[in-house]
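The values are calculated or read from the model by the stated rules, or taken from the named source; none is laboratory data. Please read these numbers as outputs of a predicted model, since none were measured by experiment. Cβ placement follows ideal geometry from the backbone for every residue including glycine, while neighbour counts extend to all protein chains displayed.
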Amino acid sequence: MKPLTIKNTVLGDGIPKICIPVTGRDEASILRAAGELKTLPHDIVEWRADYFDQVTDQSRVLHVLGALKELLPDSLLLFTFRTHREGGVKELSTEAYLEICKNAVTSGLPDLLDLEFFTGASGENAEACPSVLNPVLSLAHANGCCVILSSHDFHKTPPEEELFRRLSCMDAAGADIAKLAVMPRSETDVLHLLSATRRAADLLSCPVITMSMGRLGVISRISGRLTGSCLTFGTAGEASAPGQLPAKKLKKILETL
Ligand SMILES: O=C1C[C@@](O)(C(=O)O)C[C@@H](O)[C@@H]1O
């Protein structure tokens with residue numbers, strides 16, 4: 001794997017980087033939460049725009065993106081609309097989801113876009129749709145924005161081979177970073193995720209981010225140095241997924257390990 005440098009942050013080398021999600025429902029609470037991050041250890045701020053009540057209003061989204069950039073000029077900004085089928089807050093059509101992503105990257109404000117790998121695909125273990133993903137990937141890249149291709153399963157952990165296959169397919173599809181979040185049902189599920197991550201970090205060309213969610217999977221959020229997962233999500237207030245640790249505690253653990 002080749003490390004990815006965005007501004008001064010190197011993903012895929014050294015201690016895993018920390019990303020803190022901001023999940024407010026209105027502009028005031030989003031900006032208040034973002035302001036509080038100034039004193040917390042992090043490299044990336046993720047705006048989870050699916051929590052935002054006005055997310056379908058393009059100009060309000062651009063306004064919030066601009067304000068976040070201004071408030072946190074030294075943090076990388078990750079734009080994420082998590083769809084309902086992958087664990088997000090709002091149910092929108094695929095077209096509306098893609099419009100939100102395109103609007104965000106066209107502004108040139110986010111440093112990173114989370115794009116769900118199975119957008120436009122149907123059913124379990126479906127193949128991704130290059131005709132849906134490619135235009136967004138190109139638009140993001142043309143606007144200086146890196147793309148995290150992502151896949152989430154809040155119910156189970158697919159077999160280890162499938163975990164590795166998904167990360168490989170994301171890499172082959174042109175991801176700048178490949179990301180997988182899955183829910184363990186047993187200790188073995190967690191070990192499979194860790195092992196697939198190590199293989200992917202060794203064999204793929206892009207950096208990877210993985211997590212096994214919930215209490216059982218907490219080890220996956222602190223073991224990136226061992227497994228090769230380059231980024232881990234920590235909380236400042238409300239968690240955006242089960243198992244996330246508070247950012248300060250996370251930083252201490254990562255430094256100790
Ligand atoms: O995809 C991810 C990872 C995540 O689900 C987690 O488990 O930490 C948290 C989300 O906010 C983020 O978009």
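Here are some residues: 210, 232, 256. Which one is crowded, with 21+ Cβ neighbours inside 10 Å and more than 9 Å from the ligand (Cβ to nearest atom)?
210
Kindly provide the set of residues from region 165-182 that are surrounded by 22 or more Cβ atoms within 10 Å (Cβ to Cβ) and farther than 15 Å from residue 118 by Cβ, ordered by number.
177
Quick one: is residue 111 surrounded by fewer than 22 Cβ atoms within 10 Å (Cβ to Cβ), touching a residue at least 12 places away in the same chain (Cβ under 8 Å), farther than 30 Å from residue 224 by Cβ and charged (D, E, K, R)?
Considered against the rule, which asks whether it is surrounded by fewer than 22 Cβ atoms within 10 Å (Cβ to Cβ), touching a residue at least 12 places away in the same chain (Cβ under 8 Å), farther than 30 Å from residue 224 by Cβ and charged (D, E, K, R), residue 111 comes out as no.
Residues to consider are 240, 220; find the one that is in a loop (DSSP other than H, G, I, E, B) and within 13 Å of the ligand (Cβ to nearest atom).
Residue meeting the stated conditions: 240.
Quick one: what pairs do we get from region 208-228, first residue among the aromatic types (Phe, Trp, Tyr), second more than 13 Å from the ligand (Cβ to nearest atom), C-beta under 8 Å, 6+ apart or different chains?
No pair meets every condition.
Being away from the ligand (no atom under 14 Å from the Cβ) and either aromatic (Phe, Trp, Tyr) or within 14 Å of the chain's Cα centre (by Cα) (or both) is the filter here; which residues of region 145-166 pass it?
Listed by number, the residues that qualify are 145, 146, 164.
Kindly indicate the residue of region 103-144 that is modelled with pLDDT of 95 or more and within 24 Å of residue 189 (Cα to Cα) and also farthest from the ligand (Cβ to nearest atom) among those meeting that condition.
Out of the qualifying residues, it is 118.
Inside region 159-205, can you point out the residues that are among the β-branched types (Val, Ile, Thr), in contact with a helix residue (DSSP H, G or I) (Cβ under 8 Å, 6 or more places away or on another chain) and part of a helix (DSSP H, G or I)?
190, 197
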